[in-house]
Amino acid sequence: MYTLDKDSSRLELIQFCICREAVECLTIDLDHFDTARCYRTYGCETPENCFQILCQTLAGMLRLEHLVVKQESMLVTPIQKPFDQILTAVRHLPKLRRLEIRARDDSSFERVSQLCHLEELQILVPKISLPTLVKCCRSSGNLRSLHLGYACIQKNLSHIVPHCKNLEVLKFGMPANSSEYLQLARLPKLRELSYFGIRRSGSFEPLLSALAAKSQLTHLSIDGGSLTMQETCQLVRIQSLRHFKGFYSTTDCVEMSGLSCQFGGAPPVDIVPNGYFQ
């Protein structure tokens, strides 16, 4: 494992270049290339040259399996489209299976669709275009886990469904109509579903009904909006469910879930403060 962050020295970058073929897990903090020196004294003296060296080094990291690229603060740098440059550099690496992108600002992530071997993808960014995400899912046919930042896709997330035949884990948050959520039940291997953020009351009822009919979901987390009685009625029908986390809107929903647990029709729940169940 190797980390290139804001405190990395030029010598450490040189050492990284020398041992690049042995690195399996790499974290790149783009703050290392920040040039806003009126606020701090660390980082790279010549960011453009160092970044070019980094990209050339990445292209030769044949054993790299897990890559994290993050921007956790405001970035002032002469480097154009840093995320896309890094993704272009690693696009031919045969063992790269896990990719995590974390960005605070709107950036270009178009090149993520060039990666063909991804099995786990985490994109925690303010926004990514739907065509780019669809292309990414199409090119990485073995994608098993997808984690999207809240509202980074504004609508039509269901467009990825035809290209995610092996997707088992989906984590996302996106205000939408119930018909949009319903399409996610078409994912043939979905086992774990997590939703976070704001949603409309009752919007999960059709989705939960469809998931109950398939009986393949084992983990469900809904951290956004309380379950209505109609949604609870569908939830307890999911016979395959083993773990659930979420909020119930009324005591009647709690009773419905509790009765179903007694007869083996729903997963056990533990009551904790503020109406949260797991």
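Taken as a whole, region 193-205 holds at least one residue that is in contact with a helix residue (DSSP H, G or I) (Cβ under 7 Å, 6 or more places away or on another chain), at pLDDT 95 or above and within 30 Å of ASP106 (Cβ to Cβ). Within region 141-166, the set of residues being of a type outside the set (Lys, Arg), under 18 Å from ARG199 (Cα atoms) and part of a loop (DSSP other than H, G, I, E, B) comprises GLY149, TYR150, ALA151, CYS152, ILE153, GLN154, ASN156. Among the residues of region 208-230, is any part of a helix (DSSP H, G or I) and β-branched (Val, Ile, Thr)? No, region 208-230 has no match at all.
Listed here are the residues, each with its yes/no results for (1) closer than 17 Å to SER108 by Cβ; (2) small (Gly, Ala, Ser); (3) touching a His at 6+ places or on another chain (Cβ under 7 Å); (4) at pLDDT 75 or above.
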| site | (1), (2), (3), (4) |
| --- | --- |
| THR3 | no, no, no, no |
| GLU12 | no, no, no, no |
| ILE18 | no, no, no, yes |
| CYS50 | no, no, no, yes |
| LYS70 | yes, no, no, yes |
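Scan region 93-111 residue by residue and report those that are in a loop (DSSP other than H, G, I, E, B) and either touching a Pro at 6+ places or on another chain (Cβ under 6 Å) or among the aliphatic types (A, V, I, L, M) (or both). Before you say what the answer is, go through the steps one by one.
Pass one, region 93-111, residues in a loop (DSSP other than H, G, I, E, B): 93-97, 104-109.
Hits for region 93-111 are LEU93, LEU96, ASP106.
In region 8-34, the residues that are within 16 Å of LYS95 (Cα to Cα) reach residues that are assigned to a helix (DSSP H, G or I) with C-beta atoms within less than 6 angstrom, at least six apart or across chains, in these pairs: ARG20/THR57. Put simply, of ASP84, ASP29 the only residue that is surrounded by 20 or more Cβ atoms within 10 Å (Cβ to Cβ) and either modelled with pLDDT of 85 or more or farther than 24 Å from SER140 by Cβ (or both) is ASP29.
Could you check region 185-207 and list, in sequence order, the residues that are assigned to a helix (DSSP H, G or I) and farther than 18 Å from PHE247 by Cβ? Don't jump to the end; show me each part of the working.
Of all residues in region 185-207, those assigned to a helix (DSSP H, G or I) come to 185-186, 205-207.
Listed by number, the residues that qualify are ALA185, ARG186, PRO206.
The values are calculated or read from the model by the stated rules, or taken from the named source; none is laboratory data. Predicted model, so just to flag it, every value in this text is computed and none were measured. We place every Cβ from the backbone using ideal geometry, glycine too, and count neighbours over all the protein chains shown.
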